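See structure below.
The values are calculated or read from the model by the stated rules, or taken from the named source; none is laboratory data. It should be emphasised that the depicted structure is a prediction, and the values quoted were computed from it without experimental measurement. Neighbour counts are summed over all protein chains in view; Cβ atoms, including those assigned to glycine, are modelled from backbone coordinates with ideal geometry. With ligands, DNA and RNA removed, areas are computed over all heavy atoms of the protein, side chains included. Shrake-Rupley method; radii C 1.70, N 1.55, O 1.52, S 1.80 Å.
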Amino acid sequence: MGRISDEDVARVRDATDIVALVSETTPLRQKGRLFWGLCPFHGEKTASFKVDPSTQLWHCFGCGLGGDAFGFVMKTQNLEFPDAIRLLAERARIEIVEEGGAGVPMGRKERLVAASGAAAEYFHKQLAASKEPGAETARKYLAGRGFGSEVAKRWMLGYASGGRGALTAWLATQGFTRDEAVEANLALVGDKGETKDRFFNRVMFPISDLQGRVIAFGGRVIGDGQPKYLNSSDTPIFHKSANMYAIDRAKSAIVSTGTAVVVEGYTDVIALHEAGITNVVATLGTALTARHVKLLARFAKRIVYLFDGDAAGMRAADRAAEFLDFSSTPEAGASRLDLLVAVMPDGLDPADFVVARGVEALQSVIDGAEPLLRFVIDRRLDAHDLTTPEGRTRALDDAAAVIASIRGSILAQDYANYVAGRLHTDYATVAAVARSARPAFDGQAAKAAGDGGPSAPAPRPAAQGAHVRIEQELARQIAVAPQLREQVRDLLSIDSALTDAATEAVVRSIVEAGDATGRALFEAVAARDRAAADALSTYLVDGLDPSEALERFPETLGRLMQFGLRREVLRLQSEMRDAESSRDSALYDELFRRAAEVQRRLSELRSVDPVGH
């Protein structure tokens, strides 16, 4: 995809009303000039989410997130900036022109999406109304799974008839060409050049992208045909290793719970969602891939892989271990991703289990998921005869290779202790073997997914110290009073005058924006630094009255200047001691002169503002 021009970005922004956009996600209620609602990014019972129609900005004073329409879509849909522009352009029916770039043109992709959506409607009508014996069999199959007509309607389930060219012929009546049907993998071209449907005599499960647009299908055969399950091949709009079934429906619940549950079948997803467990998705006929993990990590920091207890499920769990790396450890900090495994008891799949034993029992299985790291270690240990010295030695080598994958972390130490206990040996022995072992998993699978992309929702901000609150007050004042900004340049020239990096970035961005205020200020800052612009929203939504900012500013600036100068004096005094130790009299004299000048400025400030002393 190519670059989107600034003019098109502005057209999309101007065509988007922030109140209407946010209202599609969370109900808003007007209070004065602002609109209030419950934040869609963190659970709360008292509204702290505000939308300002005058600036077209939003901010949550509970979790600290904020921004403009693009930022809202980026966070709710977990999109990058260009994709947020495209989504809002489509919403506003604005055609944008992308300059340069490679790949399939957006117009052509939209045609493929439209063809897939039309096919989903066709399949659903066939399931609901067709009198073919195959359609009746499909309805009976779904009813046997507990999916009646209402469930089929909610999930747009369908039936691909036994007539092998029926869909292709119908798509032609809707204006789609044969080439479009083939490129969307809805049709195939035979050896003799004839066109035939990709799917026939199957129950159809439409697969949607993050925005809920149908982009592919999974089909289960009716009767004895092969293969039992058939999925769309990769197309310009669909990649099975990167898309997941029901991600569009589950993403909100994943964000709110912090957990994504991955199952192996479409019917498992539907059954669990219908039972009220809505943070569930499925892979698309493949094992869990690095791109799946990356996709889910954009919404949550905890992924529970729910496996059937059969041999295939165990092998799938073993393959999931390829994603173990340092991101699974506490040292990863905010980027940590917890991977867990829950194995279904008694050989039941999740759909059958929830019917037989209920939602609470299944939720208990999910809640009881064990860390993937421990699961893999236990599997490796259990593969050996631990009653013999030879078996324990081989088990130690196997388990140590897993621990080596997270070498150097606290978690590695904990699991070294765990393995020592299971093998009736000491920690030092396990740690020594792990230090020299070749890592079983080196994180290459995760690296293959690529870096970048939107991050998971930001955590609730920690309580700030008094000095940081003063820095934020400065940002709040100069955001609404541009005449104050030049006076802040002197403060910014002092090394470490502002101690909070995020606030300093906002302050510098505001100062560099000249006289811009309100929405124009946000856009000027966003053009250089979207993260700073999003943080700026807290000072623009329900901002200070400019006259109040002017009144408070001298005290705020004075306090910060004094703090910065005191830190500068301490820094220079430290350098003077070093110069004295090295007998560098010239450097010492220069540092002394600079320290005296800073001390003079500090004394002048104290005489004017004794409160800040």
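Full extension of the chain between ARG593 and ALA531 gives 18.4 nm of extra length, using 0.36 nm per residue less the Cα-Cα distance. Of ASP17, ASP191, ASP6, the residue with the largest accessible area leads and the full order is ASP191, ASP6, ASP17 (1.4 Å probe).
Which pairs break 18 Å Cα to Cα here: LYS251/LYS301; LYS75/LYS294; LYS196/LYS240; LYS251/LYS294? Checking Cα-Cα distances, LYS196/LYS240 exceed 18 Å.
May I ask for the angle, rounded to the nearest 10°, between helix 389-404 and the longest principal axis of the chain, with both axes built from Cα atoms and the value confined to 0 to 90°? It works out to around 60 degrees. Sorted largest first, the principal axis extents computed over the alpha-carbon atoms of region 98-256 equal 52, 51, 27 Å. For the chain, the Cα-based Rg and Dmax, in that order, read 30.1, 100 Å.
Only DSSP H runs of four or more residues enter the estimate; each adds -39500 (n - 2.57), and after division by the residues of the chain the mean residue ellipticity at 222 nm equals -16000 deg cm²/dmol. Could you give the angle, 0 to 90 degrees to the nearest 10, between helix 133-144's Cα long axis and the longest principal axis of the Cα atoms of the chain? In the chain, helix 133-144 runs at an angle near 50 degrees to the longest axis.
Shown here: region 12-53, whose C-alpha atoms stretch 32, 23, 11 Å along the first, second and third principal axes, sorted largest to smallest. Neighbours of ALA420 by Cβ distance under 12 Å: Lys/Arg scored +1, Asp/Glu scored -1, total 0.
As an equivalent ellipsoid, region 381-423 spans semi-axes of 20, 10, 6 angstrom, where each value is the square root of five times an eigenvalue of the C-alpha gyration tensor, largest first. Extents of region 184-232, largest first, come to 38, 27, 12 Å (Cα atoms, principal axes, whole angstrom).
Straight-line cross-link partners of LYS125 among the lysines, defined as a Cα under 18 Å from its Cα and at least 8 positions apart when in the same chain: LYS140, LYS153. First check a/c for region 113-152, with a ≥ b ≥ c the square roots of the eigenvalues of its C-alpha gyration tensor; if it is under 1.5, answer rounded, and if not, answer prolate when a/b is larger than b/c or oblate otherwise. It is oblate, given that a/c is not under 1.5 and a/b is not larger than b/c. Modelled spin-label separation between ARG571 and ASP367, with each label point placed 7 Å from Cα along the Cα-to-Cβ direction: 5.2 nm. What angle, in degrees between 0 and 90 and rounded to the nearest 10, separates the Cα long axis of helix 427-436 from the longest principal axis of the Cα atoms of the chain? The helix 427-436 is inclined about 80 degrees to the chain.
FRET efficiency for the pair ARG319 and TYR427, taken as 1/(1 + (r/R0)^6) with r the Cβ-Cβ distance and R0 = 30 Å, rounds to 0.50. Distance from the C-alpha centroid of region 411-441 to that of region 37-77: 46 Å, rounded to the whole angstrom.
Region 463-543: D in µm²/s via Stokes-Einstein (Kirkwood Rh, Cα pairs, 4 °C, 1.567 mPa s)? My calculation gives 104 µm²/s for D. With a simple spin-label model that places each label point 7 Å from the Cα along the Cα-to-Cβ direction, the separation between ASP385 and ASP6 comes to 7.6 nm. The value obtained for region 528-581, namely the Cα convex hull volume divided by the number of residues, is 119 Å³ per residue.
The calculated Kirkwood hydrodynamic radius for region 193-294 is 14.4 Å, given to one decimal from all distinct C-alpha pairs. The alpha-carbon positions of region 1-142 define a convex hull whose volume is 169 Å³ per residue.
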